[in-house]
Amino acid sequence: MTEKTTKSYDFLFSVAPMMDWTDRHCRVFHRLMSRRAGLYTEMLTTGAIIRGDRRRLLGFDPSEHPVALQLGGSDPEDLATAARIGEDFGYDEINLNVGCPSDRVKDGRFGACLMAEPALVADGVAAMKRAVRIPVTVKCRIGIDDQDPEVALDVLARGVVAAGADALIVHARKAWLNGLSPKENRDIPPLDYDRVYRLKAVLPDVPIIINGGIGSIAEAARHLDHVDGVMLGRAAYQEPWRLLDVDPELFGEAAPYATMKDVFEAMFPYIEDQLAQGARLHSMTRHFVGAFHGVPGARAFRRHLAEKGVKPGAGVDVLRDAIALVEDRAGALVAA
């Protein structure tokens with residue numbers, strides 16, 4: 001590992017928190033492909049954590065460590081309470097969402113709209129830092145709507161760092177809260193990686209992690225010439241086989257398993273345990289559809305899961321039969 005990558009070892013690589021995607025089944029699957037990647041929950045609101053079914057919302061498998069809890073909220077007292085609950089559940093990091101652009105988030109006064117209230121975000125970070133001993137981080141955009149990213153990102157970053165934030169994760173796009181849908185906000189605003197690089201240059205002692213539009217581990221490695229860490233989002237979910245390259249390419253260590261078929265063999269005991277507890281097979285296999293992207297038989301694999309995996313009572317044999325439709329291939333599945 002180079003001197004550059006050892007500076008912020010814990011933040012070097014992570015899989016982004018994604019609503020409706022990165023649930024506990026997804027995280028267990030991803031952990032089998034990388035021992036080193038940081039994993040994040042979906043965003044959970046402070047209200048749900050404080051008043052909801054905590055065991056259902058916050059429970060996770062011990063294999064997921066290191067795993068971070070992402071919070072949505074703006075009230076400092078509630079953030080502190082939710083962070084303390086997360087720490088008690090065993091999470092390794094608390095992350096505050098200041099980047100989600102959905103209307104539901106805006107109406108609740110959390111997510112990307114908080115970029116317009118940097119002092120409130122800093123107050124929330126300070127409250128969480130007083131409440132927990134684990135790292136507290138912030139995930140944000142470079143700005144929203146008509147904000148100047150040079151000013152908006154700098155003000156937010158300096159405020160949360162002064163409040164004690166341990167790292168800042170920056171999605172290198174603006175969020176347009178007026179005029180674009182959440183889906184459009186993931187693609188239409190142009191990426192500005194240089195803005196994140198400039199932030200790192202003025203905050204040399206603060207771990208800065210870049211996120212947004214990164215499609216491969218090779219591309220992630222190039223960003224590490226400028227920032228301390230990289231967060232991979234949709235590429236990790238849609239083509240999870242890419243995570244097999246994380247440990248060898250970024251950490252200089254062997255991948256946990258050589259092939260995706262080996263990963264699934266290791267996943268079967270977890271799946272069987274979850275089925276025994278009443279989970280449906282589809283709640284897990286929905287995360288597997290991109291596992292064999294580019295390999296002969298991948299389409300048959302997906303079709304078999306789509307037809308058989310959704311049926312009531314579907315068991316592990318459905319997944320085994322789907323995997324058998326895929327051609328054996330050692331090492332990486334397709335070129336990055």
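The values are calculated or read from the model by the stated rules, or taken from the named source; none is laboratory data. Please read these numbers as outputs of a predicted model, since none were measured by experiment. Positions of Cβ are generated from backbone atoms using ideal geometry, with glycine treated the same way; all protein chains shown enter the neighbour counts. Just the protein is used for accessible areas: all its heavy atoms, side chains included, with ligands, DNA and RNA removed. Shrake-Rupley method; radii C 1.70, N 1.55, O 1.52, S 1.80 Å.
General observations
- Subset of the range 251-274 [part of a loop (DSSP other than H, G, I, E, B) and of a type outside the set (Phe, Trp, Tyr)]: Gly252, Glu253, Ala254, Ala255, Pro256, Ala258, Thr259
- Among the residues of the range 82-97, those that are over 14 Å from Thr46 (Cα atoms) and in a helix (DSSP H, G or I) comprise Asp88, Phe89.
- For the range 56-114, taking the residues that are surrounded by fewer than 24 Cβ atoms within 10 Å (Cβ to Cβ), modelled with pLDDT under 95 and hydrophobic (A, V, I, L, M, F, W, C), the one that is farthest from the chain's Cα centre (by Cα) is identified as Cys113.
- Residue list for the range 189-206, restricted to those being open to solvent by 70 Å² or more (accessible area, probe 1.4 Å) and either under 17 Å from the mean Cα position of the chain (by Cα) or modelled with pLDDT under 95 (or both): Pro190
- Out of Ile134, Ile169, one residue alone is in a loop (DSSP other than H, G, I, E, B), of a type in the set (A, V, I, L, M) and at pLDDT 95 or above. It is Ile134.
- In the condition set (1) closer than 15 Å to Gly233 by Cβ; (2) among the charged types (D, E, K, R); (3) modelled with pLDDT under 95, Glu42 is compliant with all but (3).
- Residues satisfying the stated conditions in the range 275-315, i.e. assigned to a helix (DSSP H, G or I) and open to solvent by 20 Å² or more (accessible area, probe 1.4 Å): Leu275, Ala276, His282, Ser283, Arg299, Ala300, Arg302, Arg303, His304, Ala306, Glu307, Lys308
- Within the option set Arg158, Arg242, Arg186, being buried (at least 23 other Cβ atoms within 10 Å of the Cβ) and charged (D, E, K, R) holds for one residue only, Arg242.
- Options Ile209, Ile214: the member that is under 17 Å from the mean Cα position of the chain (by Cα), in contact (Cβ under 8 Å) with a residue 12 or more places away in the chain and in a loop (DSSP other than H, G, I, E, B): Ile214
- Matching entry among Asp146, Asp154 (being among the acidic types (Asp, Glu) and either modelled with pLDDT of 95 or more or assigned to a helix (DSSP H, G or I) (or both)): Asp154
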